[in-house]
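Report on the following structure.
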Amino acid sequence: MKGSCLCGDITFETAAKPEGASMCHCRQCRKMAGGVWASAYVADRDLTITGAVSWFEASDTAKRGICPKCGAFLFWKAHDEDTISFALGAVDGPTGIKIEKHIFVADKGDFYEIADGLTQKD
Ligand SMILES: [Zn+2]
Ligand SMILES: [Zn+2]
């Protein structure tokens, strides 16, 4: 699976089947992505990133990777985990992936409802 930011300066490629596809409704994703952030993760070693990602330390536990030119929010990385999440919306072509769950639903905006019947976690 290959992906890129809007301007194309950052590209990424996965070397394993991504897991844990989710839609995150948390405040940090809302503020960075302008809304829900859909992602999946692979082991660190299975994601190759090309280009100079700007890492934003949004909390003590995780950092968020964006393109410094176009601002695309592409990656989320917990400091104490050996996996990295990438934005499904940045994938070029079909992902072949289905979202499994919604997370941080308690933080979601009031301007939409979740109606797909998938698991919702606060
Ligand atoms: Zn870009
Ligand atoms: Zn989030």
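The values are calculated or read from the model by the stated rules, or taken from the named source; none is laboratory data. Just so you know, these numbers come straight off a predicted model, no measurement behind them. Here Cβ is always computed from backbone atoms with ideal geometry, including for glycine, and neighbour counts include all displayed protein chains. Each accessible area value is taken on the protein alone, full model and side chains, heavy atoms only, with ligands, DNA and RNA left out. Shrake-Rupley method; radii C 1.70, N 1.55, O 1.52, S 1.80 Å.
What to note about this one:
- Filter result for Cys29 (more than 16 Å from ligand 2 (Cβ to nearest atom), open to solvent by less than 20 Å² (accessible area, probe 1.4 Å), of a type in the set (A, V, I, L, M, F, W, C) and at pLDDT 95 or above): no
- Within segment 1-26, residues that are closer than 14 Å to Ala90 by Cα sit with their Cβ atoms under 7 Å from residues that are open to solvent by less than 10 Å² (accessible area, probe 1.4 Å) and assigned to a loop (DSSP other than H, G, I, E, B), at 6+ positions apart or across chains, in these pairs: Ser4/Ile10; Cys5/Cys67; Cys7/Cys67; Asp9/Cys67; Ile10/Cys67.
- Leading residue by the ranking (nearest to ligand 1 (Cβ to nearest atom)) among those in segment 66-105 that are in a strand (DSSP E or B) and aromatic (Phe, Trp, Tyr): Phe73
- Within segment 16-43, if we keep just the residues that are assigned to a loop (DSSP other than H, G, I, E, B) and under 21 Å from Trp55 (Cβ atoms), the residue that is farthest from ligand 1 (Cβ to nearest atom) turns out to be Cys26.
- Residue match in segment 48-59 (condition: touching a helix residue (DSSP H, G or I) at 6+ places or on another chain (Cβ under 6 Å), touching a residue at least 12 places away in the same chain (Cβ under 8 Å), within 23 Å of Ala106 (Cα to Cα) and aliphatic (A, V, I, L, M)): yes
- Qualifying residue in segment 46-65 (condition: part of a loop (DSSP other than H, G, I, E, B), within 16 Å of ligand 1 (Cβ to nearest atom), open to solvent by 10 Å² or more (accessible area, probe 1.4 Å) and over 16 Å from Ile84 (Cβ atoms)): yes
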